[in-house]
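J.: Got a structure for you, questions after.
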């Protein structure tokens, strides 16, 4: 989606703020002994109280309001009776539709006690995402986003999962452009138009560069079970710089 009016921007801010607040509340509620289904119920209630609908449920028939992945799984996990334990690394992805507009955000949470290398991974997962966000400017190559993220990953000794990418969002959960690499693709000749709405969501890992699906058809995990985190914001490219829409 490319924004064409202030009204569109306001509506995207509204749904973006809602998914951000929902993610923050779920992260705050996360504790050992609860199930991921219970955590998902918190997210569902917050979205529905504001008149929003779960985007993965609406778009793909996903069996949950939010995606909750317990490590080593890192994406698209189905909320179920899995009990959260101390030391778990958990990814929560919240996306929703409100009045015809979509917002998408996500983050990884380490349940204390946290191993030092996982604590650093979480910190650097956020830094990798912001490295990509800072590269956004209308007229610049779209691959500047992935170039900045890959540079950060290389400099700090991490790998990037390369079969999960960022995407356009706005009128649908997965809008055009449908595939925005969070690693450098030199052959990608696209540029960033003014007003483009899209996500930036690198999957930073301690060695993984690929994920595979579980038999449930949804949950994704690195075959060698390396710890992997994802942090995601929805933003719009403007001449004044990137405007992040999913801040709580």
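J.: Residue 162 versus (1) over 15 Å from the mean Cα position of the chain (by Cα); (2) within 23 Å of residue 186 (Cβ to Cβ); (3) not in a helix (DSSP H, G or I): which is the lone unmet condition?
T.: (1)
J.: Continuing with this model, one more query. Against the condition more than 15 Å from the chain's Cα centre (by Cα) and touching a residue at least 12 places away in the same chain (Cβ under 8 Å), how does residue 205 come out, does it pass?
T.: no
J.: So which of 145, 136, 118 ends up being at pLDDT 95 or above, touching a helix residue (DSSP H, G or I) at 6+ places or on another chain (Cβ under 7 Å) and in a helix (DSSP H, G or I)?
T.: Criteria check complete, one pass: 145.
J.: Quick test for you: out of 178, 165, pick the one residue that is surrounded by fewer than 22 Cβ atoms within 10 Å (Cβ to Cβ) and at pLDDT below 95.
T.: Among 178, 165, only 178 is surrounded by fewer than 22 Cβ atoms within 10 Å (Cβ to Cβ) and at pLDDT below 95.
J.: Can you tell me how many residues within the stretch 1-10 are in contact with a strand residue (DSSP E or B) (Cβ under 6 Å, 6 or more places away or on another chain) and surrounded by fewer than 19 Cβ atoms within 10 Å (Cβ to Cβ)?
T.: Total meeting the criteria: 1.
J.: Further question: Could you pull out the residue among 43, 64 that is touching a strand residue (DSSP E or B) at 6+ places or on another chain (Cβ under 9 Å) and free of Cβ contacts under 8 Å to residues at least 40 places away in the same chain?
T.: 64
J.: How many residues, within the stretch 52-100, are more than 12 Å from the chain's Cα centre (by Cα), surrounded by 24 or more Cβ atoms within 10 Å (Cβ to Cβ) and not in a strand (DSSP E or B)?
T.: Within the stretch 52-100, residues that are more than 12 Å from the chain's Cα centre (by Cα), surrounded by 24 or more Cβ atoms within 10 Å (Cβ to Cβ) and not in a strand (DSSP E or B) number 5.
J.: Quick test of your reading of the structure: residue 20 fulfils all but one of (1) surrounded by fewer than 18 Cβ atoms within 10 Å (Cβ to Cβ); (2) closer than 21 Å to residue 180 by Cβ; (3) in contact with a strand residue (DSSP E or B) (Cβ under 6 Å, 6 or more places away or on another chain). Name the failing condition by number.
T.: It fails just one condition, (1).
The values are calculated or read from the model by the stated rules, or taken from the named source; none is laboratory data. Only a predicted model underlies this, so the values are computations on that prediction, with no experimental measurement involved. Cβ sites come from the backbone with ideal geometry, for glycine too, and all protein chains shown count toward neighbours.
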